[in-house]
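Data block below; observations after.
Laboratory data are not the source of any read-out in this text; all were calculated from the coordinates shown. The shown structure was predicted, so the numbers you read here are calculated from the model rather than taken from an experiment. Virtual Cβ from ideal backbone geometry, glycine too; neighbours counted across all protein chains shown.
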Amino acid sequence: MKRVTIFVTHLLGTGHLSRSMTLARSLRDAGFAPLVISGGMPTSHLDLSGLDFVQLPPVRSDGASFTRLLDTAGEPVSPELMQERIEAIEDALRQSPPDVLITELFPFGRRVLRAEFEAALSLTGSLDPAPLVLCSIRDILAPPSSEKKAKQTEAWLAQYYDGVLVHSDIDVVPLQASWPVTPATERLLRYTGFIAPPPPAIDPAAGEGLGEIVVTAGGGPVGRRLFDTAIEAARLGERRWRLLVGGGDAAEVCARLNAAAAGAPAFAEPLRADYRSMLTRCAAAVGQCGYNTAIDWLQAGVPGVFVPFAEAGEVEQTLRAASLRQRYGYGCIAEDELTPQNLADAADAAVRHGRVSVNGLQFGGAAQTARILDELLRARR
């Protein structure tokens with residue numbers, strides 16, 4: 001059984017880890033032995049059962065610039081902590097040498113963690129036999145802020161990598177839409193289709209969520225303003241709004257939001273395991289436009305309103321939301337234009353729009369990734 005090690009660190013929300021876990025489960029079902037090495041904050045709402053999992057001493061980003069890292073106490077990370085992480089990564093790789101190493105996002109991002117990624121790549125390169133080394137990236141990236149960064153990425157790819165797994169449909173969102181792809185990089189690209197969990201069960205009889213506006217903002221601390229605005233938008237109508245709150249402080253945030261919602265047809269609760277099923281029966285959804293959120297909405301066919309995250313110059317979610325508005329009629333409100341009235345009006349329009357049809361969209365990216373790995377490993381024999 002071939003060992004596939006996925007090295008991922010989520011720094012703000014939990015989308016990167018969630019996507020990696022979906023991929024790991026699919027690889028396990030395809031006969032591989034996946035190991036996930038996670039460097040972000042522990043999370044309680046993701047299912048880790050049945051998978052080999054290594055939790056590094058966790059870090060998170062201090063805001064959306066991704067240039068300053070904090071530890072679990074909210075203090076700047078120390079050199080000792082970062083060295084401890086590198087040693088834990090090297091120990092995991094020595095104890096269970098991979099046949100395939102997948103680095104999630106790096107070298108296209110996560111440069112603040114370059115020392116530990118380079119340590120992992122250097123160690124695995126010294127193994128005999130050396131593993132296949134692949135990068136795993138979503139459909140849309142944060143474009144490089146300089147030509148120097150783009151060239152450094154290409155240098156890392158040339159030095160260490162056998163391929164780049166692009167979890168997108170090339171006919172919908174090619175990598176060129178957000179990243180300068182050179183001929184050298186293009187030769188490495190393997191489009192997998194979108195990575196998504198199995199479609200959620202449709203259970204209208206369960207009742208919860210039926211006819212409601214469901215509001216989410218991912219699994220991290222961002223998006224609190226969206227919840228506050230949603231409560232005020234709910235006051236402008238009679239339809240019930242359900243706020244699903246992620247993050248380690250979800251219980252405390254829900255208590256605050258429910259106190260603020262007194263008299264409004266709105267209530268907050270921690271993010272639920274059946275959230276994706278709820279999308280199949282709610283009237284509309286409101287949320288940011290991260291990769292996983294977009295895929296969840298498209299799979300469920302739910303109409304909705306995106307309020308893309310755009311702090312610190314982030315453009316990824318804005319680009320994705322613009323594409324989905326053009327293709328499928330989703331509503332979109334820029335963060336700096338978000339008001340209760342705008343949100344209420346956009347939610348009403350989404351309800352009138354009705355269910356979204358995405359026939360032909362490729363959601364089998366995890367299974368296709370397993371097939372690509374099998375093909376590449378066979379070619380090495």
Worksheet item: Which order, highest average first, do 185-198, 70-83 follow once you tally other Cβ atoms within 10 Å for each residue and take the mean per peptide?
Response: 185-198, 70-83
Discussion item. What do you get for the angle between helix 340-353 and the principal long axis of the chain? Use alpha-carbon atoms, 0 to 90 degrees, nearest ten.
Written reply: 80 degrees
Worksheet item: Quick one: Kirkwood hydrodynamic radius for segment 83-185, alpha-carbon pairs, angstrom, one decimal?
Response: 14.5 Å
Discussion item. Check which residues have an amide H placed less than 5 Å from residue 332's amide H, if you skip close sequence neighbours.
Written reply: 306
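Nearest 500 deg cm²/dmol is fine: what mean residue ellipticity at 222 nm does the chain get from its DSSP H runs of n ≥ 4 alone, each adding -39,500 (n - 2.57), divided by its residue count?
On the way: 12 runs with 142 residues, N = 381.
One gets -11500 deg cm²/dmol as the mean residue ellipticity at 222 nm.
Let's test the formula: R0 of 35 Å, r as the Cβ-Cβ distance of residue 236 and residue 44. What FRET efficiency results, to the nearest 0.05? Before the final figure, lay out each step's value.
Numbers: r = 34 Å, r/R0 = 0.96.
Using R0 = 35 Å, I get an efficiency of 0.55.
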Discussion item. Counting each pair of different Cα atoms once, what's the Kirkwood radius of segment 32-89 in Å, rounded to one decimal?
Written reply: 12.7 Å
Worksheet item: Any idea what angle helix 224-234 forms with the longest principal axis of the chain, computed on alpha-carbon atoms, 0 to 90 degrees, nearest 10?
Response: 20 degrees
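Grab the alpha carbons of segment 223-381, take their convex hull, and tell me the volume per residue in Å³. The partial results should precede the final answer.
On the way: hull volume 23.5 nm³, N = 159.
Hull volume normalised by residue count: 148 Å³.
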Worksheet item: Using mean Cβ contacts within 10 Å as the protection proxy, how do 362-369, 140-147 order, highest first?
Response: 362-369, 140-147
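Hey, can you rank 341-347, 59-65, 47-53 by average C-beta count inside 10 Å, highest first? Display every interim value, and only then the final one.
Details: 341-347: 20.3, 59-65: 17.1, 47-53: 13.0.
Taking the mean over residues of other Cβ atoms within 10 Å, the ranking is 341-347, 59-65, 47-53.
Note down the relative contact order for segment 304-375 as a percent, whole number, built from C-alpha pairs under 8 angstrom at least six residues apart.
Values: 56 pairs, mean separation 22.1, N = 72.
Reported relative contact order: 31 percent.
Based on the Cα gyration tensor of the chain, what are the three equivalent ellipsoid semi-axes, each the root of five times an eigenvalue, rounded to whole Å and given largest first?
Equivalent ellipsoid of the chain: 36, 22, 20 Å, largest first.
On average, how much area does the Cα convex hull of segment 274-345 cover when viewed from any direction, in nm²?
Numbers: hull surface 19.5 nm².
Approximately 4.9 nm², given one-decimal rounding.
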